[in-house]
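The values are calculated or read from the model by the stated rules, or taken from the named source; none is laboratory data. All figures in this text were calculated on a predicted structure; none of them were measured in a lab. Positions of Cβ are backbone-derived with ideal geometry, glycine not excepted, and every protein chain shown enters the neighbour counts. In case anyone asks, the SASA skips ligands and DNA or RNA and just uses the protein heavy atoms, side chains included. Shrake-Rupley method; radii C 1.70, N 1.55, O 1.52, S 1.80 Å.
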Amino acid sequence: MTGMPLFLHGVPLPKSVQEMSMNVSVPVIVLGLLPSSKDEQGKLKLALCSGGCFQAIGHGISNSFLNKVRGVAKQFFQLLQEEKQKYSRAANQVEGCGYDLVVSEKQVLDWNTRLFLRVFPEHQRKLNLWPENPDKIRHAYLTLSRRTVSYELNSCREVLHEYSIKLKQLVDLLFKAMAKSLALEENSRPDWRQSSDACQIMSNGIFKSPVHRVLTNTDKLRISVAMFNEVEPEKEIGGLIDENRPRLYRNVKIYASFNYECFQKGKVPLEEVKFHA
């Protein structure tokens, strides 16, 4: 990607963000090697300190199971509208199926429909919003001890639950490696379970947060199955500050809501929380 200025809702992104997005090749990280390989740990840190993103391989999730997750998502959004409405989000709520919340009269509306579900902690799941069985999805495959075992998943909920558990294990592995790359003591590691913006704030600018861009296609349906990690709403996010690295960002709370509102107003959240002495 070279020479193309980037815009958010028609507003040019800051120069620092523009430069970060130019000439970036996506690194490949073998997640299974992170606990034992210093080379892989070094590649991870380099990726996080440069473009802020990477392609994960060697994660242990079989292709057949990932295809099952994609199939569940695709089949849900192909349901009739009246069927999908059973899982609609309530007014002024985030969870459920529907369009983005409107937070500004000047907001540019995204051309998408979301099914937003909280998966952890499990006791906070609103299972009435979890699709049960869009199209009698019955089988998935899991690789265990070098052999493929077929097992039955009785509903879409079970597929989503299994997917959530697997991703949580990978996220825990990744965050431990991130903390280790900053040479933090075991008992002083921060809670890295945040969005990429929050990680940039918490690392005081060492880790970088990439700009997420998605292209729409009028002829082809695009479906993403993404999991976001966010800090507890009332927990304050602060940076790693010392005499050699002064504060770059102010402390913030309820960052997920702040991030969403900035995006819908055409602002870059990280620019809005920069610290000015």
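For residue 88, the amide hydrogen comes within under 5 Å of the amide hydrogens of 97, counting only partners 5 or more places away or on other chains and with H modelled in the peptide plane.
Taking other residues whose beta carbon is less than 11 angstrom from the beta carbon of residue 111, and scoring Lys, Arg as +1 and Asp, Glu as -1, yields -1. Each eigenvalue of the Cα gyration tensor of the stretch 216-258, multiplied by 5 and square-rooted, gives one semi-axis; in descending order these are 35, 15, 9 Å. Ranking 240, 263, 215 by how far each Cα lies toward the positive end of the dipole of the stretch 195-277 (charges on Cβ) leaves 215 at the top. Between the amide H of residue 118 and those of 126, distances stay under 5 Å, these residues lying 5 or more places away or on another chain, with hydrogens modeled in the peptide plane.
Note on surface exposure: 219, 100 rank 219, 100 by accessible area, highest first, 1.4 Å probe. Per-residue SASA remark: residue 274, around 80 Å² accessible (1.4 Å probe; ligands, DNA and RNA not included).
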